[in-house]
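Visitor: Next up is a structure, given as structure tokens.
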Amino acid sequence: MLTAEVMLRRLLPLAVAVGLTACETDSEAPESDLSLFASSTPAGELVVPGSREGFLHVLAPMPSDGLTVSYVVSGPAGLNGSLEILVAPGGRRREVWSLELPMPDGESRWIEESATQTEDYIWTGSGDGLEVQRAPLGAIADAYLRLPHAERKQVVESLDAFRRRIVDARVEHPGPRREVLGVPCLATRLAAQELCVWEQTGLPLEYRGNAFSLELQSIDEHAEVPAHAFAVPAAVEQAAPSVDLDPAESLDRLARRDYAELGPLLHPGLRLPLG
């Protein structure tokens, strides 16, 4: 049987992930070039990146180079604490949570944990408790760099077309909307879970469920990203399994505008499941 500590370590990132999945000539792309994030970029102005980082910023864009959201966590039996999520272009994401769980003997158990995702790895814990999974975005970017320019251009155009379709669908079918701290979000309800998602970033602005609730405290849309935030420990590289897809085949399907395989990786604020 899972202990209360292990359950809480798994429940919090899982609930955030559930919220996200409910949403829907070579030139170097500057680090801040997020043109594919907007629906108004004319197709003729699309940049065809010539570097790994440039393509990752196109594959997994965000509206700024760093964005942080902070929440208060509360739940039954006096559960309380905080969660902070930092996201950056290229599929980078870091969640840090601190939870206090009152125990029957009157003492409290504190749980402090983090989960980090880069283009190549996802990990949480350390030492014997380290959990590692390989992220596919880096391998896809490496396969992209092996393509000739014409095929790279097809991939970039396909990504742009995919995101335009999503933006158009949001305009035609906006769904129930609210504002949290002045930011519009899409409100959804599934059984006992209530969620309001900031669609442009894929981040929850509010979440209520049986296990716990998230209340948004602050948003920093231009957060500084510390150099160490996404540094990959040697133990993570050593423990990581291989990528569970064929990057070249995946890009070929994407270039043909077949989104069945990579479509789930293209939503904003991508959070890959761990385990």
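Visitor: Would you confirm, using the coordinates I've provided, whether ALA60 is closer than 29 Å to ARG164 by Cα, surrounded by 18 or more Cβ atoms within 10 Å (Cβ to Cβ) and touching a Ser or Thr at 6+ places or on another chain (Cβ under 9 Å)?
Guide: So ALA60 fails the test.
Visitor: Next up: Run GLU119 past the list (1) surrounded by fewer than 20 Cβ atoms within 10 Å (Cβ to Cβ); (2) part of a loop (DSSP other than H, G, I, E, B) and report the number of the one that doesn't hold.
Guide: (1)
Visitor: Let me ask another. Restricting to region 143-152, name every residue that is in a helix (DSSP H, G or I) and crowded, with 16+ Cβ neighbours inside 10 Å.
Guide: Correct list: ALA143, TYR144, ARG152.
Let's see how each residue does on (1) buried (at least 17 other Cβ atoms within 10 Å of the Cβ); (2) within 17 Å of the chain's Cα centre (by Cα); (3) among the small types (Gly, Ala, Ser); (4) over 30 Å from PRO184 (Cα atoms):
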| position | (1), (2), (3), (4) |
| --- | --- |
| ILE219 | yes, yes, no, no |
| ALA234 | no, no, yes, yes |
| SER242 | no, no, yes, yes |
| ASP246 | no, no, no, yes |
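Visitor: When you scan region 235-275, how many residues do you find that are among the polar types (S, T, N, Q) and out of contact with any Pro (no Cβ under 9 Å at 6 or more places or on another chain)?
Guide: Residues meeting the conditions: 2.
Visitor: Any residue that is more than 27 Å from ARG94 (Cβ to Cβ) and at pLDDT below 90 - is there at least one of those in region 148-156?
Guide: Looking through region 148-156, none of the residues is more than 27 Å from ARG94 (Cβ to Cβ) and at pLDDT below 90.
Visitor: Among LEU251, LEU214, which is the only one that is of a type outside the set (Phe, Trp, Tyr), in contact with a Phe, Trp or Tyr (Cβ under 9 Å, 6 or more places away or on another chain) and closer than 29 Å to ASP168 by Cα?
Guide: When all the criteria are applied, what remains is LEU251.
Visitor: May I pose another question? If ASN80 meets every condition in (1) over 21 Å from PRO268 (Cα atoms); (2) buried (at least 21 other Cβ atoms within 10 Å of the Cβ) apart from one, which number is that one?
Guide: Evaluating ASN80 over (1) over 21 Å from PRO268 (Cα atoms); (2) buried (at least 21 other Cβ atoms within 10 Å of the Cβ) leaves (2) as the failure.
Visitor: Could you go through region 202-218 and let me know if any residue there is over 30 Å from LEU101 (Cα atoms) and either out of contact with any Cys (no Cβ under 9 Å at 6 or more places or on another chain) or among the hydrophobic types (A, V, I, L, M, F, W, C) (or both).
Guide: no
Visitor: If VAL48 satisfies every condition in (1) farther than 28 Å from GLN217 by Cβ; (2) modelled with pLDDT of 50 or more; (3) not in a loop (DSSP other than H, G, I, E, B) but one, which is the exception?
Guide: (3)
Visitor: Considering each residue of region 81-115, count those that are within 16 Å of THR201 (Cα to Cα) and of a type outside the set (A, V, I, L, M, F, W, C), and give that number.
Guide: 8
Visitor: May I pose another question? I'm trying to understand the selection: among the residues of region 162-217, which are in contact with a Ser or Thr (Cβ under 8 Å, 6 or more places away or on another chain), in a loop (DSSP other than H, G, I, E, B) and surrounded by 15 or more Cβ atoms within 10 Å (Cβ to Cβ)?
Guide: Residue satisfying the conditions is PHE212 alone.
Visitor: Please specify each residue of region 66-80 satisfying the condition of being closer than 19 Å to PRO204 by Cα and part of a loop (DSSP other than H, G, I, E, B).
Guide: GLY66, GLY75 - these are the residues of region 66-80 that are closer than 19 Å to PRO204 by Cα and part of a loop (DSSP other than H, G, I, E, B).
The values are calculated or read from the model by the stated rules, or taken from the named source; none is laboratory data. Note that the coordinates shown come from a computational prediction; the quantities given were computed from them, not determined experimentally. Cβ sites come from the backbone with ideal geometry, for glycine too, and all protein chains shown count toward neighbours.
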